[in-house]
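Derivation of every value follows stated rules applied to the coordinates shown; laboratory data play no part. Bear in mind the structure is a predicted one, so any value in this text is a computation, not a measurement. Counting neighbours? That spans all protein chains shown, and the Cβs are built from the backbone with ideal geometry, glycine included.
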Amino acid sequence: MGDEVSIGIEIMIDFNDVKDLKSLGFIGFKTIGELWEDKSCIPKVRGVYLVISHEEGIPEFLLPGVGGFFKSKDP
């Protein structure tokens, strides 16, 4: 299972399993559609954010991206 990461000795996390992530305290799961519809639900604080894709294969990214600029630079 290439998507599992070992933390410490005993905990295995499957980052494709929302149920696993919720049991470890991850919160705020939203679909991409929900985020496009209501961008106000995107937190404005630092944190760990995870995008889960249930599609097979390598994801495609928009060029140029639509994430905006930071300090006048395109990240």
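Each label was represented as a point 7 Å from its Cα along the Cα-to-Cβ direction; for K30 and L63 these points are 2.8 nm apart. Using a simple spin-label model with pseudo-atoms 7 Å out from Cα toward Cβ, M12 and K73 lie 4.0 nm apart.
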